[in-house]
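Q: Take this structure first; my questions come after.
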Amino acid sequence: MQLPTVLAAAEGPPAFLAEIVALMLAAAVIGYLSTRIRIVPIVGFLLAGVAIGPHALGLVRSQEAVDVAAEVGVILLLFTIGIEFSLSRLAAMWRLIVIGGGLQVALTVGVATAALALFGVSWQVGVFTGFLVSLSSTAIVLRLLASRGETQTETGRTALAYLIFQDLAIVVMVLLVPMLGGSGGSALDVAVALGTAVGIVAVVLAVARWVMPRLLEVVARACSPEVFLLTVIAICFGTAYLTSLFGVSVSLGAFLAGMVVSESRHSEHALGEILPLQILFSATFFVSVGMLLDLGFLVANLPLVLAAVGGVLLVKSVATAVSAAVLRVRPAVVAGLSLLIVQVGEFSFVLERVGREYGLSPAGLGEDGVQAFIAATVLLMVATPWLGTAGRGLGGAIERRGRRAGAPTEDTASSAAGGGARGHVIISGYGAATRSLASNLATARVPLVIVTLNPDGAAEAEADGHEVLRGDSTRQHILERAGLAEARMVVIPEDDPENAQRIASVVRTVAPAATIVVRLDEPADLDLLAAAGADRLVDATRAGHTALTQAVLTGLAGPQRGPTRVDVHSIVTWRPDPDTPCPHIGTIVPVLPSAPGCQECLLEGTTWVHLRVCLSCGHVGCCDSSPQRHASRHFQDTDHPIAASVEPDEEWAWCYLDETLLNQAEVRSARS
């Protein structure tokens, strides 16, 4: 270690570290509490910002550092949203973007200007205020839609179209502000800037169509998660930076970068890699917005702030409703849309600072107008989840009242469109171990999805006619895209036991009812696998080539009644009742049954009455009602004290040392 580093460490932590810790801790704690009381986490992050900001507890004062992290959060959020929208989907929305979004902005600016003119405000200040009010929060609206799974609904698509136009309109607004302030700019400058922005967008979309899929395919073949993630990050920030050089907002540039990646077959892989970063930095963005609120000003000027909130709600909801009605959008969608995008957006803060340089302030009220604008904006952002819910409820009421019998609603139509597989099998990877399994499942008409990072394996699986999702199976997002919540079983053939445990843990968290089958090429720690949630283990060191297929088909068949046979691939996890008096329960470990029946009886060619499995080693032996009593003999030979019944509907175990009957707290059956 170099001497300066040692000295710096001896002097104590960096000054900014305490503020970062305060920010993250407040966001985590208040976000958790908001989730527990069923409030959208976005609201919790905003409230966390209010609490730790310079106008409240003052735990974070370095606003510049927070602003940088918040800007990164907006870029990553818009990038992930862009990945979910293909070029064809965007092209189908052009009327909503150009006509709907354009009309909504124009009406908002016009109504705001006319309303302020009634109070003697000049038209220049009125137009500037209308600019501020017309912009909605792309980050909050799209985050809210994504959290509710409504991005692809009619309301979600219409909201996205309006937000895209608003981001394009920022280019023109920034150029018009100097003109409104009485200095610089011309109509020609505005036309040139707008034409440049449209040209940049066209170039980016062309790259998305013809260049990016090939580039990501080459990077994916390197099979390096680090290189792939760095490439995706470079595409995201590089595109946002290049577009910003030509006057296009970084948010729109990030969205376009996401659409660039969406044209690749590896888009889901990219989304899964970048999602953790997006969650971290977008939370910082919402916290930074909350930090702007001055509670003292809010309390002292509550009537002014509430008037501003009411004015924005009225002007913007009416303008949005009229613009959507002109496009003949269904009334139910109009109601939901009008309240969903009624808040003021984060880029209005940027525009307000530009206006301040030219002597412009919201409603011409000077510093009071600025503070009232900030307070109203933060309050509307906090209220957005409830406003969105109210709009959805109002839309549902309109739908129920006006629809004809049997006409599909937005919810039913969207669910029908995105139904996906039900009761399917998810297979992690596609190689020698799973190729035969996938073929047998397809022959048996069992639906399946292959999840793999290997480009060659993915191509081979597609050539074999299987549904393929390119991505990392350890990522929750990827497994959710594969339909994990509705899957009957997840098959994990892995060379690395630790990787298998990670995948099993994610599966068990999201889909508690799904059966997890693990295949390993080396001996594994059953304790760790069982703790991760694995139900069945195929040990390649002691199983034949067809063992994986047999284990999967046995698991899909479910429990069978009749003569007891043991599934040799099922992990027996027998947990005793915590109140049991037996001192030997510490010997109980997860085990794999040694044979499908009493292994001595099978060798001797004799039969048994009931079966018991040793909870120390997995030996399967017959009970004392059987002629040979092999379970008791196993205890006499090994001193393994406890054996459990594997008979249908029997959930007890017997301690030979204490001659005690044990009940269990949790059952994970070993029967096939």
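Q: Using a Förster distance of 25 Å, how high is the FRET efficiency between ARG36 and ALA531, based on the Cβ-Cβ distance and rounded to 0.05? Numbers along the way, then the final one.
A: Details: r = 26 Å, r/R0 = 1.03.
Step by step, r from the Cβ atoms, then E = 0.45.
Q: At 7 Å along the Cα-to-beta-carbon direction for both LEU242 and ARG400, put a label point, then send me their distance in nm to one decimal.
A: 5.1 nm
Q: How big is the Cα convex hull of segment 244-364 in projection, averaged over all directions, in nm²?
A: That works out to 11.6 nm², a quarter of the Cα hull's surface.
Q: Further question on the same structure: What accessible area per residue, rounded to a whole number of Å², is obtained for the chain using a probe radius of 1.4 Å?
A: Spelled out: the 1.4 Å probe surface of the chain, per residue, equals 44 Å².
Q: Please return the longest stretch of the chain lacking exposed loop sites, where GluC sites (Glu not before Pro) count only if DSSP places them in a loop and at most 16 other Cβ atoms lie within 10 Å.
A: It runs 1-649.
Q: Starting from the Cα gyration tensor of the chain, take the square roots of the eigenvalues, sort them a ≥ b ≥ c, and report rounded, prolate or oblate (rounded when a/c is under 1.5, otherwise prolate if a/b is larger than b/c, else oblate).
A: prolate
Q: For a Förster distance of 25 Å, can you work out the FRET efficiency between the beta-carbons of CYS617 and THR546, rounded to the nearest 0.05?
A: 0.45
Q: Determine the gain in length on full extension of the stretch GLU462-THR389; use 0.36 nm per residue of separation and subtract their C-alpha separation, reporting nm with one decimal.
A: 22.2 nm
Q: 7 Å from Cα along Cα→Cβ at both VAL326 and LEU306: what's the point-to-point distance in nm?
A: Calculated label separation equals 3.4 nm.
Q: Okay, next question. For segment 252-357, what's the relative contact order in percent, using C-alpha pairs closer than 8 Å and at least 6 residues apart?
A: It rounds to 18 percent for segment 252-357.
Q: Work out how much length VAL350 to SER436 would gain on full extension: take 0.36 nm times their residue separation and subtract the Cα-Cα distance, in nm to one decimal.
A: Extending this stretch completely gives an extra 25.1 nm.
Q: Give the long-range amide H neighbours of ARG519: residues separated by 5 or more places, or on another chain, with amide H under 5 Å away, using H modelled in the peptide plane at 1.01 Å from N.
A: ILE492, GLU494, VAL538
Q: Ok, one more. Taking segment 252-334, which trypsin sites (Lys or Arg not before Pro) meet the DSSP loop condition and have no more than 10 other C-beta atoms within 10 Å?
A: Here the sparse-neighbourhood loop sites are ARG328.
Q: If you plug each phi of segment 579-594 into the Karplus form 6.51 cos²θ - 1.76 cosθ + 1.60 with θ = phi - 60°, what whole-Hz ³J(HN,Hα) values come out, in order, with x for Gly and Pro?
A: 3J(HN,Hα) across segment 579-594, in whole Hz: 8, 5, x, 5, x, 9, 5, x, 7, 6, 9, x, 9, 9, x, 7.
Q: Report the FRET efficiency, 1/(1 + (r/R0)^6), for TRP210 and GLU650, where r is their Cβ-Cβ distance and R0 is 56 Å, rounded to 0.05.
A: The calculated FRET efficiency here is 0.30.
Q: Continuing with this model, one more query. Sum -39500 (n - 2.57) across every DSSP H segment of at least 4 residues in the chain, then divide by the residue count to get the 222 nm mean residue ellipticity, nearest 500.
A: Calculated at 222 nm, the ellipticity per residue is -19000 deg cm²/dmol.
Q: For the pair ASP579 and SER122, how long in nm is the line joining their label points, each one 7 Å along Cα→Cβ?
A: Each label point is offset 7 Å from its Cα along the Cβ direction, giving 8.2 nm.
Q: Then there's this: If I compute solvent accessible area with a 1.4 Å probe over the protein chains, what percent of it on the chain is carbon and sulfur?
A: Carbon and sulfur: 61 percent of the exposed surface of the chain.
The values are calculated or read from the model by the stated rules, or taken from the named source; none is laboratory data. Worth saying up front: this structure is predicted, and the values here are computed from it rather than measured. For neighbour counting, all protein chains shown are included, and Cβ atoms are generated from backbone atoms with ideal geometry for every residue, glycine included. Side chains included, ligands, DNA and RNA excluded: accessible areas come from the protein's heavy atoms. Shrake-Rupley method; radii C 1.70, N 1.55, O 1.52, S 1.80 Å.
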